[in-house]
Every structure is written in C-alpha cells, then in structure tokens.
There are 2 protein chains.
Amino acid sequence: MTDPATRTADRIDFLLSLRATRSFTGDPVPDAALRDILEVARRSGSAMNRQPWRLIVIQDRAVLDRLAAVNPYAGHLASAPLAIALVMDGDMDTEETWDEGRVSERIMLAAAAHGLGSCIGWFVEDGHDDAAKALLGVPAERTLRTAISIGYPAPETKTARPKRGRKSLAEIASLGRYDGPSPA
Amino acid sequence: MTDPATRTADRIDFLLSLRATRSFTGDPVPDAALRDILEVARRSGSAMNRQPWRLIVIQDRAVLDRLAAVNPYAGHLASAPLAIALVMDGDMDTEETWDEGRVSERIMLAAAAHGLGSCIGWFVEDGHDDAAKALLGVPAERTLRTAISIGYPAPETKTARPKRGRKSLAEIASLGRYDGPSPA
C-alpha cells in the first residue's frame, strides 16, 4: 500500500463515491466478492453487540423476479444476479432498526469495494413483508423489510446520480448548538 | 494509487477493521478530518433522498462533559475532544431510524479513515433525549438520540475488541431460504 495520506484520501473517496445502482449487467457476483460482503456484514457493530440479523443470499432467478414483483421499490431485483435479504430478529425496537441501517450501509460499501453496484429494496407496506417472508421461508415472528440487490452496474447507469442532489453543508450541520453557525 | 486488486483489499480491510473506541487522547480532531467526516455524512443515502438529519458539531469541553453525564451510555463523551450529535427530523418512522443508522456508520468510517476512533452515545430512555436536546438547543419536535464521540484512541484502547465476539457466518447467513445451507 501507498503512504498513509494517500490511503486516507482513497478511503474517503471510497465513502464519498457510493451511489445506488438500479440496473445491472447479467454478470454474476464473484464468490470472493460475496465472501467479503458477508464477512463485512458479519463484523458489523450493533447495539449491545446483539447482532440481531440473519442474511439470506438469493441467487435463484425465479425467486429474485418474484421478490421484485412484490413491490415497485424492489423492482431493481429483477435485473440483479444476487440479492441479500436482511431478516431481523423481530424485536422491532429502535436499536434494531438502527442496526439494520448500519449493516445495510456496510453491505453496499463492501460491494462497492469490489466494483459492484447495489440498491436497497423495501418491503414495508401493504403486506409486502408477508409476501417476501413467504417466498424465503422466513418465520412470522421475524422482521423482513429489506433486500439489497447486488451486481455489476449496467453501462447506462454507471454515471447515474440521484435525481435530487444532497443538501448543502449549511443546511445539515451547525457548530455547538442546533441554531449555531455553519461549519462550512 | 496501487492496482485495483490491492485497492479492493485495502477497502475491505478498512471496513473490517472498524472498532468502537471508548477512551481518547487529549489531541484535537484536525479540521481537515472534520471536514471529510461532515462531507461523508452529507453525501449519505437516505430513503427517498429525504436526508432527514442535522448534525451538531460539539467541541466545547463543558458541553461534552454535561452530555456524558446524561446517560452512562454516553459516558465516553467525557474523554472525547469532539462529538457529532445527530438531530433527526422527527417523523419517527422506520425509514428515519434506518437512515440514522446508515449515516452513523458512515461518520464512524470517515473518522477511521483519518485514524480517529469513535463510539456511539445513546439518549433513548428516561428523558435522556430531553436533557440532551436542552443542552444543544434542539427544538422539541426534533429527535435526538445519538451523539458520536470522535478522537484519537487512547493507547490502552488501541487493541480493544468487543467483549463478546461476532456470531459465526453459519449463525447469521444462509443460501436461498431462511433455513437454507450456510454459505461458509
């Protein structure tokens, strides 16, 4: 590896460059990449180190297509060669939801480290969670509301950016107090 | 930068190496590091790109000490030179909590890219949130339950590991279905 300053800059660039990918090539996710993604997920921090999750790796085309059909917000699974469904223990407390966000971000970053795109699919409303749970054999007492599609970005999406941009630093940060000056 | 395979390996190592730091040296957080941390937070993805957060950067020793005294789970703020409080819009829906976890993970990773340790402090129970909001001038309708302490790790904590380890891959992952075989 190069010098520490270069490494720091690369790691920050890596964090800054994460984008959602909603369309994928047909190429499979390499086994080595999947192993790294699962290991990064496994080592995720969680409240009280509860690790309140179980990850289901889905590579069956028919299952991915059926999940994609459950909810328009999971439609991107239809072009993904792989998805990871997050099954949470089901305590439904704040910490569990918070930890679900943490592990999801890490899964997306680990995929990006391998040049893979990813997108979060949601099964939150209108019985979508029950439909997704039935497809994956998830017990009723568990929570399933997230499946992350993973694959190589289709060429046309490689430069896709969010439709709306991000808020400015002045809009989202302040020094000292809620109504304090901007750090910008 | 080095070749792509080396870069991928470094980024995965980076993700795997994140640890909570609960004790800090007295050294301040450099301005350049703080700027990167805030920029990484600013670019975080969120449900529907709502960006439902406001970050308060706290460097005042007295305020940090008072926050640390609110809750034992925020006690590590007492040795931190800086903390970032996450003020959420206050919709209190699943997506907002989930997004809070995502941006928290990114803040901790951006700090780690600069060699800085971090730890999540909680203000969830027993009116701790109201006490923390009063200290930071946060409006009642907003949600404040997280402050992340950031600083250089004190020497004795540099090799600190979680008291309990992580679950094995077989315990947290399966192929195809909830009761499917382990990917290990």
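Using the Cα gyration tensor of the stretch A:76-124, with a ≥ b ≥ c the square roots of its eigenvalues, what is the shape: rounded (a/c below 1.5), prolate (a/b larger than b/c) or oblate (neither)? Oblate. In order along the stretch B:145-156, the phi-based Karplus estimate (6.51 cos²θ - 1.76 cosθ + 1.60, θ = phi - 60°) of 3J(HN,Hα) comes to 9, 9, 9, 9, 7, 9, x, 6, x, 5, x, 5 Hz; Gly and Pro are listed as x.
If you take the charge dipole of the stretch B:42-184 about its Cα centre, with +1 on Lys and Arg Cβ and -1 on Asp and Glu Cβ, which of B:ILE148, B:ALA69, B:ILE56 is farthest toward its positive end? Highest projection toward the positive end goes to B:ILE148. Distances from B:ALA78 to itself in the other copies, using label points 7 Å out along the Cα-Cβ axis, amount to 5.7 nm in increasing order. Amide H contacts for A:PHE24 (H built 1.01 Å from N in the peptide plane; partners 5 or more residues away or on another chain; cut-off under 5 Å): A:ALA154. Put a plus charge on the Cβ of each Lys and Arg, a minus charge on the Cβ of each Asp and Glu, and nothing anywhere else: the dipole of the stretch B:20-155 about its Cα centre is then about 380 debye. With its label point defined 7 Å out from Cα along the Cα-to-Cβ axis, A:ASP13 lies at 1.8 nm from the matching points of the other copies, in increasing order. Between the amide H of B:ALA173 and those of A:LEU55, distances stay under 5 Å, these residues lying 5 or more places away or on another chain, with hydrogens modeled in the peptide plane. Counting Cβ atoms of other protein chains within 10 Å of each Cβ in B:62-69 and taking the mean gives 0. For the rotational copy relationship between B and A, the axis lies nearest to a chain B beta carbon, identified with its distance in whole angstrom as B:GLY101, 1. By the count of neighbouring beta-carbon atoms within 10 Å, fewest first, B:LEU109, A:LEU77 end up ordered B:LEU109, A:LEU77. Couplings 3J(HN,Hα) for the stretch A:71-76, derived from phi with the Karplus relation 6.51 cos²θ - 1.76 cosθ + 1.60 (θ = phi - 60°), are 7, x, 6, 10, x, 5 Hz, where x marks Gly and Pro.
Could you tell me which of A:ALA5, A:GLY26, A:MET88 has its Cα farthest along the dipole of chain A towards the positive end, charges placed at Cβ (Lys, Arg +1; Asp, Glu -1), taken about the Cα centre? Ranked along the dipole, the leading option is A:ALA5. With the cut-off at 39 Å, report for the protein assembly as shown the share of all Cα pairs above it, as a whole percent. Everything past 39 Å amounts to 12 percent. In a simple Cβ point-charge model (Lys, Arg +1; Asp, Glu -1; nothing else charged), the protein assembly as shown has a dipole of about 780 debye relative to its Cα centre.
What shape does the stretch A:20-156 take by its C-alpha gyration tensor, where a ≥ b ≥ c are the square roots of the eigenvalues and a/c under 1.5 counts as rounded, a/b above b/c as prolate, and the rest as oblate? Verdict is oblate for the stretch A:20-156.
By the helix-only formula, in which each DSSP H run with n ≥ 4 contributes -39500 (n - 2.57) and the sum is divided by residues, the protein assembly as shown has a 222 nm mean residue ellipticity of -11500 deg cm²/dmol. With the label put 7 angstrom out from Cα along the Cα-to-Cβ vector, B:GLU125 ends up 3.3 nm from the copy partners, going from closest to farthest. Summary value for chain B: 28 percent relative contact order, contacts being C-alpha pairs under 8 angstrom separated by 6+ residues. Scanning chain A for DSSP H helices at least 24 Å long along the axis (C-alpha atoms) with a Kyte-Doolittle mean no lower than -1.0 picks out A:94-113.
Counting only other chain Cβ atoms within 10 Å of each residue's Cβ, the peptide A:103-115 averages 5.
The mean number of Cβ atoms from other chains found within 10 Å of a Cβ in peptide B:87-99 is 4, as a whole number.
For the stretch B:1-97, the equivalent ellipsoid built from the Cα gyration tensor has semi-axes of 27, 22, 13 Å, listed from largest to smallest.
Every number here is computed from the coordinates shown, using simple stated rules; none is lab data. Source: prediction; values computed, not measured. With ideal geometry, Cβ positions are generated from the backbone for all residues, glycine too; neighbour counts draw on all protein chains shown.
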